[in-house]
1. Just wondering, is there one or more residues in the stretch 117-128 that are at pLDDT 80 or above, surrounded by fewer than 18 Cβ atoms within 10 Å (Cβ to Cβ) and within 24 Å of the chain's Cα centre (by Cα)?
2. Tally the residues that are surrounded by fewer than 17 Cβ atoms within 10 Å (Cβ to Cβ) and either without any contact (Cβ under 8 Å) to a residue 24 or more places away in the chain or farther than 22 Å from residue 326 by Cβ (or both), restricting the search to the stretch 191-225.
3. With (1) surrounded by fewer than 23 Cβ atoms within 10 Å (Cβ to Cβ); (2) more than 17 Å from the chain's Cα centre (by Cα); (3) in a helix (DSSP H, G or I) as the list, and residue 15 as the residue in question, which single condition is left unmet?
4. Name the residues in the stretch 173-186 that are over 21 Å from residue 343 (Cβ atoms) and surrounded by 20 or more Cβ atoms within 10 Å (Cβ to Cβ), would you?
5. From the list 350, 337, 343, pick out the single residue that is farther than 17 Å from residue 293 by Cα and modelled with pLDDT of 80 or more.
6. Assuming residue 229 fulfils every condition listed in (1) outside any helix (DSSP H, G or I); (2) within 15 Å of the chain's Cα centre (by Cα) apart from one, which condition is it?
7. Filter the stretch 161-186 for residues that are out of contact with any helix residue (DSSP H, G or I) (no Cβ under 7 Å at 6 or more places or on another chain) and in a helix (DSSP H, G or I) and give the result.
């Protein structure tokens with residue numbers, strides 16, 4: 001099975017499900033890689049493709065159309081993985097050439113039943129769900145039963161408020177260690193998500209905001225973060241329909257849920273230390289003037305997508321630490337980590353506006 005998804009957490013969960021049911025899995029991180037993988041599989045063709053819909057570089061719709069353009073792939077089952085409950089998106093999947101869809105968060109029995117339906121007669125067909133609600137593992141042996149809630153302290157319902165841990169465990173075939181690692185990875189990856197999302201909304205970049213909310217919604221659903229999933233789903237709908245008047249209310253609800261999730265997941269990490277507010281320090285006029293000039297240079301580098309901007313951004317971040325620009329610093333750091341120059345430019349322009357007492361200077365930067 002070719003598994004196509006750009007979300008690492010969702011990939012690990014889907015791999016755990018498929019592998020526990022006896023399937024052999026290859027992954028691709030976007031539509032471009034998926035098309036290439038299918039084209040290269042002539043000697044050992046895939047039995048099915050699980051295709052995420054929303055991905056960078058090339059989405060699942062276009063990837064499916066390109067795969068179907070080769071007559072040799074006319075019968076290849078391509079199954080969409082989508083968290084959308086909207087009929088029009090499901091219809092788009094069928095129009096693009098997909099055979100069916102699997103809903104996110106993943107329901108293990110429904111996913112296996114759908115795969116079995118379309119992989120009928122193939123040698124690597126995963127086992128169908130058993131009457132007990134679990135499929136058969138490789139070799140026909142029964143899959144191990146899920147651990148009882150409370151077998152380990154951290155999975156007790158009272159320990160993780162807002163999470164449906166039994167459902168999340170089912171998605172990772174009962175692997176408690178894997179689920180714990182994925183939960184911690186989600187917390188680390190999205191530590192600055194509200195700050196980045198605010199910068200995207202302030203910049204009017206609704207598409208980028210949609211991408212971030214969509215990714216978090218998918219992971220939250222699969223990890224059992226039910227409250228966050230519902231809030232993110234409502235926010236995504238507003239972003240899709242461009243209901244700008246409701247963005248702020250949705251953002252506030254999203255931020256509250258993200259804060260609650262982060263606080264809850266912090267209990268899983270024994271090395272966690274609560275954030276301590278930075279001790280404010282004053283930047284003198286000479287340093288501020290130099291920082292403004294360096295920020296001007298950084299904006300120019302980022303607009304050229306130059307990798308030299310990474311080192312300069314890190315230097316500026318260190319010099320501003322503890323000076324009252326925590327939000328802008330977080331956005332800058334997060335954007336440079338993934339080379340999101342557009343968001344980085346917005347953060348630096350905000351820094352310049354706040355540091356510079358000369359409105360003409362700020363105006364020059366924003367006009368460039």
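The values are calculated or read from the model by the stated rules, or taken from the named source; none is laboratory data. Treat the numbers as computed from the prediction; the structure is a model and nothing was measured. So basically every Cβ, Gly included, is an ideal-geometry build from the backbone, and we count neighbours across all protein chains shown.
1. no
2. So the count comes out to 3.
3. Unmet condition: (2).
4. Within the stretch 173-186, 173, 179, 182, 183 meet the criteria.
5. 343
6. The failed condition is (1).
7. Residues satisfying the conditions are 166, 167, 177, 181.
One line per residue, one yes/no per condition, for (1) within 29 Å of residue 339 (Cα to Cα); (2) in a loop (DSSP other than H, G, I, E, B):
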position: 47; (1), (2): no, yes
position: 58; (1), (2): yes, yes
position: 72; (1), (2): no, no
position: 79; (1), (2): no, no
position: 88; (1), (2): no, no
